[in-house]
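K.L.:
Below is a structure I'd like to ask you about.
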Amino acid sequence: MHRSRLLLAMAAVFAGITVSMVSLGFAYNPVLIIFAVPFGITTAILWYHATGRLAKKVEREAYREPRRGFGPSPGAAREQARQQARERARWQAAGRGRARTGERATGGRATVGGRPGPSPKEAYRILGVDADADEDTVRQAYREKVKRVHPDRADGNEEAFKRVNKAYERVRTDR
């Protein structure tokens, strides 16, 4: 609401009330000065917002100065990249990379026979169920796997989470 006339008008009204209360407080009753303080604070915030300075300050503090409590810490992105690299290396060392599953890389996306995601056999292996398992067993296995690898957990893994979701989608579409 940069340069909003309504906000500027409200700020002017609150400024008038503040000035009136302060002057009446000095003339008649000092208690009115105490009641003028919230009006003065409201006036300042409305003016600050109407002129666009509040938005600029929030943007500056949220994105350019993350150490003040807004946004991620400077080392968070580096640490996340390191963790993802470790997870990738662990999966490749365990022989679970694309070369083993028969998938081929096309532009950064894994495909099998033109379809994105794992093969049906690989999808069942990822979920840890047999190909002849019923829907409830597959759903339960999916939920357990997703809970274990969810990225919001401290030991979660975003890549594994995506892999489990793709495997579940493949199993559901192949039934």
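K.L.:
So, A105, is that one in a helix (DSSP H, G or I), loosely packed, with under 13 Cβ neighbours inside 10 Å, more than 26 Å from the chain's Cα centre (by Cα) and modelled with pLDDT under 80 or not?
P.N.:
no
K.L.:
Taking the condition of being surrounded by fewer than 20 Cβ atoms within 10 Å (Cβ to Cβ) and closer than 22 Å to Q84 by Cα, how many residues in region 116-143 meet it?
P.N.:
The total comes to 1.
K.L.:
Can you name the residue in region 151-165 that is among the aliphatic types (A, V, I, L, M) and free of Cβ contacts under 8 Å to residues at least 60 places away in the same chain and, of all such residues, is surrounded by the most Cβ atoms within 10 Å (Cβ to Cβ)?
P.N.:
My answer is V164.
K.L.:
Looking at K147, is it touching a strand residue (DSSP E or B) at 6+ places or on another chain (Cβ under 8 Å) and not β-branched (V, I, T)?
P.N.:
Here the answer is no, as K147 does not meet what is asked.
K.L.:
Another question about this same structure. If I filter region 120-141 for residues that are touching a strand residue (DSSP E or B) at 6+ places or on another chain (Cβ under 6 Å), modelled with pLDDT under 90 and assigned to a loop (DSSP other than H, G, I, E, B), do I get at least one hit?
P.N.:
No; the residues of region 120-141 include none that is touching a strand residue (DSSP E or B) at 6+ places or on another chain (Cβ under 6 Å), modelled with pLDDT under 90 and assigned to a loop (DSSP other than H, G, I, E, B).
K.L.:
Also, I was wondering about something else. Out of (1) in contact with a Gly (Cβ under 7 Å, 6 or more places away or on another chain); (2) at pLDDT 90 or above, what's the single condition that is false for F39?
P.N.:
Evaluating F39 over (1) in contact with a Gly (Cβ under 7 Å, 6 or more places away or on another chain); (2) at pLDDT 90 or above leaves (1) as the failure.
K.L.:
Picking from R163, R100, which residue would you name as being part of a helix (DSSP H, G or I) and at pLDDT below 90?
P.N.:
Of R163, R100, the one residue that is part of a helix (DSSP H, G or I) and at pLDDT below 90 is R100.
K.L.:
For region 1-43, which residues satisfy the criterion of being in a loop (DSSP other than H, G, I, E, B), under 27 Å from K56 (Cβ atoms) and not hydroxyl-bearing (S, T, Y)?
P.N.:
Across region 1-43, the qualifying residues are M1, H2, R3.
K.L.:
Looking for whichever is outside the structural domain of E159 (by TED's automatic domain parsing) and at pLDDT below 75 here; the options are E59, E87. Which one fits?
P.N.:
E59
The values are calculated or read from the model by the stated rules, or taken from the named source; none is laboratory data. Since the structure is predicted, the reported quantities are computational estimates derived from the model, not experimental observations. Using ideal geometry, Cβ is built from the backbone for each residue, glycine included, and neighbour counts are taken over all protein chains shown.
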